[in-house]
Amino acid sequence: MPYAKYYDINNSIFLVIIFAAAFSAGTVWISGQIALSLAMKISPVAALKYYNPGKKKKILAAASFALGGILFCAVFTVFAGYNTEWMVSRTNESDFVIEQWHARQLMYEPYEPVTEEFIQSIRNLSFVKESYLFYRARSGRCNKMDKSGIFKESLGEVKMEGHYREVMKKEYQKLKMEKEDWNWLVKNGRAETGIIGMEPGALDMEIKNMDVLDGKPDANLFASGNYLIYQPFDIPPDIDKKEYLKYGMKAGDKVKLSFWNPGCKKYNTKEFTVMAVADVKDDNYAGSIEKDIQFVIPDTTFRDIYGGYAKKMISALHINTSGQNLKAEQEILNQMVKDNFNLQIRLNSKYKTQKDEENKRVQEMYIGMVFGLIVAVIGLVNIVNTLVTDVMSRKLEFATMQSVGMTKRQMAVNICLNGMQMGAGGGILICLLAFPAAQLLASLLFIRYVPSMYIVSCILALAAAFLAVCTTSCILTISLNKKTVIERLREAE
């Protein structure tokens, strides 16, 4: 679900950015000033005691830069590369969907049906290119308020008998469920489960959101009314989905189902052939077939089974449009939903999700970038401090080399190369570990990103290190050469 509508970008985010920039700049300036002041005051002879030919300090500085760079690259890759198109496809399979939301969700209010007249008025709109109607069975149990004052989502009732009973027993055994769970599912010999009736034309659209475990979905065959799609009650998370076929329902199975019609208070029995066994893909919420739906049958068969009561079970209408003006189409549909005065009707669309996700992406990118920059700057400061300390310990060495011909430019290049070694060491670690870190962060936040942003983030991190080292080298060269070579050599006498 997109949550961007619950957030609002205000001036506070810009104040945070300004504060972070000032904090980072201040940290670098203070760290640099202390080190540079010490380097200018100490004599070349005294500086010799700080000389350490070992590489331990440089390795630690490179590691610190690498840690900051990895965090920066991970945050930048995930948030700057936030894949809004994937988020849209994850929750939408059609341009617009009008849903009876109580059919999918628990509510404190009684179920209020969607009228056929309202559905037809939407289908008659000039911009509607194609539309698909869905029904969802709702039993009498769902219309009774429980002890908590809640009314259930829509679930139908099927007599627990025959092949269906055998399959359900095996599924329950595999799930290691107790007798109490079975008693909760089955009351008066009827199992409460999800039953969807849909127009055959929607089959190809819906099946994209499912993993087909067995069989082959065919819209023409489905339209005959003698076939159904079966979704397992549940598959244990510790086994491969294909393992289900060893003990569960299979394509080609004949199953006789007795549907309880709450309208006329009797069973309607029909035999089906299982056309396909399929399971909704994990982390996919685009379709009207959800995880709790066991039986998917054609809309005509659904109406035959439930008769006139089927009119009260309309659950969704998916529509695709020409797409010429999605904003105007959204506004028209919004107004129609409002004018219907059924507060349980909900309108979702690719257009709305796209806008919400774009806003969410911008907000998360601001927050992530501020955090990432602060961490990255701290890593760069460690390199700068190490570079300054190293130059401080080599004051006499540089004075001696300048006395025999070293130019200021050569001195700056020497310091710069020293810094580049630390930056390169940290850069290698960043390039190796930033991508796994980005994948971990994205999995924790349940989002996807554009992988190419990883390359951009690495380039930015390495460029920042290059600029920091070059700038520090120039400043150190200028600072050290404020005194003449003779003055610096006399300090050593």
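Can you find a residue in region 317-336 that is in contact (Cβ under 8 Å) with a residue 40 or more places away in the chain, β-branched (Val, Ile, Thr) and not in a helix (DSSP H, G or I)?
yes
Counting only residues that are surrounded by fewer than 19 Cβ atoms within 10 Å (Cβ to Cβ) and acidic (Asp, Glu), how many does region 385-426 have?
So the count comes out to 1.
Being more than 15 Å from Val296 (Cα to Cα), among the polar types (S, T, N, Q), at pLDDT below 90 and surrounded by fewer than 19 Cβ atoms within 10 Å (Cβ to Cβ) is the requirement here; does Asn268 meet it? Before the answer, list the steps.
On the way: more than 15 Å from Val296 (Cα to Cα): yes; among the polar types (S, T, N, Q): yes; at pLDDT below 90: no; surrounded by fewer than 19 Cβ atoms within 10 Å (Cβ to Cβ): yes.
Spelling it out, it is not the case that Asn268 is more than 15 Å from Val296 (Cα to Cα), among the polar types (S, T, N, Q), at pLDDT below 90 and surrounded by fewer than 19 Cβ atoms within 10 Å (Cβ to Cβ).
Only one residue in Val370, Val362, Val375, Val337 is β-branched (Val, Ile, Thr) and farther than 30 Å from Gly68 by Cβ. Which one? Break it down into steps so the answer makes sense when it comes.
Details: Val370 fails: farther than 30 Å from Gly68 by Cβ; Val362 fails: farther than 30 Å from Gly68 by Cβ; Val375 fails: farther than 30 Å from Gly68 by Cβ.
Every option except Val337 fails the conditions.
Under the condition of being aromatic (Phe, Trp, Tyr), more than 17 Å from the chain's Cα centre (by Cα) and modelled with pLDDT of 65 or more, which residue from region 37-94 is farthest from Ser452 (Cα to Cα)? If you could, list the steps in order and put the result at the bottom.
Here is the first cut: in region 37-94, the ones aromatic (Phe, Trp, Tyr) are 50-51, 65, 72, 76, 79, 82, 86.
Among the residues that remain, those that are also more than 17 Å from the chain's Cα centre (by Cα) are: 50-51, 65, 72.
Those still in the list that are modelled with pLDDT of 65 or more too: 65, 72.
On the way: Phe65: 22, Phe72: 15 Å.
This residue is Phe65.
Starting from residues that are hydrophobic (A, V, I, L, M, F, W, C) and more than 28 Å from Ser349 (Cβ to Cβ), keep the ones in region 107-163 and report whichever is surrounded by the most Cβ atoms within 10 Å (Cβ to Cβ). Step through it out loud before you land on a result.
From region 107-163, those hydrophobic (A, V, I, L, M, F, W, C) are 107, 114, 118-119, 122, 125, 127-128, 133-134, 137, 142, 145, 150-151, 155, 158, 160; that's our starting set.
Filter once more, keeping what is more than 28 Å from Ser349 (Cβ to Cβ): 145, 150, 158, 160.
Values: Met145: 12, Ile150: 12, Val158: 23, Met160: 19.
The selected residue is Val158.
When you check Pro200 against the structure, is it closer than 20 Å to Asp282 by Cα and either in contact with a helix residue (DSSP H, G or I) (Cβ under 9 Å, 6 or more places away or on another chain) or not β-branched (Val, Ile, Thr) (or both), yes or no?
Values: closer than 20 Å to Asp282 by Cα: no; either in contact with a helix residue (DSSP H, G or I) (Cβ under 9 Å, 6 or more places away or on another chain) or not β-branched (Val, Ile, Thr) (or both): yes.
Spelling it out, it is not the case that Pro200 is closer than 20 Å to Asp282 by Cα and either in contact with a helix residue (DSSP H, G or I) (Cβ under 9 Å, 6 or more places away or on another chain) or not β-branched (Val, Ile, Thr) (or both).
Does region 176-199 include one or more residues that are at pLDDT 95 or above and of a type in the set (Phe, Trp, Tyr)?
no
Can you name every residue in region 316-334 that is in contact with a Leu (Cβ under 9 Å, 6 or more places away or on another chain) and either aliphatic (A, V, I, L, M) or closer than 12 Å to Ile119 by Cβ (or both)? Break it down stepwise before answering.
First, the residues of region 316-334 that are in contact with a Leu (Cβ under 9 Å, 6 or more places away or on another chain): 316-319, 321, 329-330, 332-334.
If the condition is that a residue be in contact with a Leu (Cβ under 9 Å, 6 or more places away or on another chain) and either aliphatic (A, V, I, L, M) or closer than 12 Å to Ile119 by Cβ (or both), then Ala316, Leu317, His318, Ile319, Ile332, Leu333 are the ones that fit.
I'm checking my understanding of the structure. Among residues of region 215-239 that are under 29 Å from the mean Cα position of the chain (by Cα) and of a type in the set (Asp, Glu), which one is nearest to Ala286 (Cα to Cα)?
Out of the qualifying residues, it is Asp234.
Take Asp356 and tell me if it is among the charged types (D, E, K, R), surrounded by fewer than 16 Cβ atoms within 10 Å (Cβ to Cβ) and part of a helix (DSSP H, G or I).
No; evaluated as a whole, the condition is false for this residue.
If Leu462 satisfies every condition in (1) surrounded by fewer than 20 Cβ atoms within 10 Å (Cβ to Cβ); (2) under 18 Å from Val78 (Cβ atoms) but one, which is the exception?
Result: Leu462 fails condition (2) only.
Table: residues versus (1) touching a Gly at 6+ places or on another chain (Cβ under 9 Å); (2) over 16 Å from Ile305 (Cα atoms); (3) of a type outside the set (Val, Ile, Thr).
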position	(1), (2), (3)
Val186	no, yes, no
Gly189	no, yes, yes
Gly194	yes, no, yes
Glu206	yes, yes, yes
Leu213	yes, yes, yes
Lys216	no, yes, yes
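Pick from region 279-320 the residues that are modelled with pLDDT under 95 and among the hydrophobic types (A, V, I, L, M, F, W, C): which of them is surrounded by the most Cβ atoms within 10 Å (Cβ to Cβ)?
Only one residue tops the list, namely Ile289.
Does region 393-416 hold any residues that are aliphatic (A, V, I, L, M) and either at pLDDT below 80 or more than 17 Å from Lys482 (Cβ to Cβ) (or both), and which are they? If you could, list the steps in order and put the result at the bottom.
The first filter runs over region 393-416 and keeps only residues aliphatic (A, V, I, L, M), leaving 396, 399, 401, 404, 406, 411-413, 415.
Listed by number, the residues that qualify are Met401, Val404, Val413.
Are there any strands (runs of 3 or more DSSP E) wholly within region 164-244 with 2 or more residues that are surrounded by 15 or more Cβ atoms within 10 Å (Cβ to Cβ), hydrophobic (A, V, I, L, M, F, W, C) and touching a Pro at 6+ places or on another chain (Cβ under 9 Å), and if so which?
Working: elements: 190-198, 210-215, 227-230.
Ranges flagged: 210-215, 227-230.
Every residue, every condition in (1) assigned to a helix (DSSP H, G or I); (2) in contact with a helix residue (DSSP H, G or I) (Cβ under 7 Å, 6 or more places away or on another chain); (3) touching a residue at least 24 places away in the same chain (Cβ under 8 Å), yes or no:
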| residue | (1), (2), (3) |
| --- | --- |
| Gly379 | yes, yes, yes |
| Asp390 | yes, yes, yes |
| Gly405 | no, no, no |
| Ile415 | yes, yes, yes |
| Gly419 | yes, yes, yes |
| Pro436 | yes, no, no |
| Met453 | yes, yes, yes |
| Val456 | yes, no, yes |
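Taking the criterion of being within 15 Å of Asp214 (Cβ to Cβ), in contact with a strand residue (DSSP E or B) (Cβ under 7 Å, 6 or more places away or on another chain) and assigned by TED's automatic domain parsing to the domain that holds Leu221, would at least one residue in region 282-292 satisfy it?
Initially, region 282-292 is screened for residues within 15 Å of Asp214 (Cβ to Cβ), giving none.
Among the residues of region 282-292, not one is within 15 Å of Asp214 (Cβ to Cβ), in contact with a strand residue (DSSP E or B) (Cβ under 7 Å, 6 or more places away or on another chain) and assigned by TED's automatic domain parsing to the domain that holds Leu221, which makes the answer no.
Any residue that is under 20 Å from Glu290 (Cβ atoms), small (Gly, Ala, Ser) and out of contact with any Leu (no Cβ under 8 Å at 6 or more places or on another chain) - is there at least one of those in region 160-182?
No: zero hits.
The values are calculated or read from the model by the stated rules, or taken from the named source; none is laboratory data. Computed from a predicted structure; not experimentally measured. Here Cβ is always computed from backbone atoms with ideal geometry, including for glycine, and neighbour counts include all displayed protein chains.
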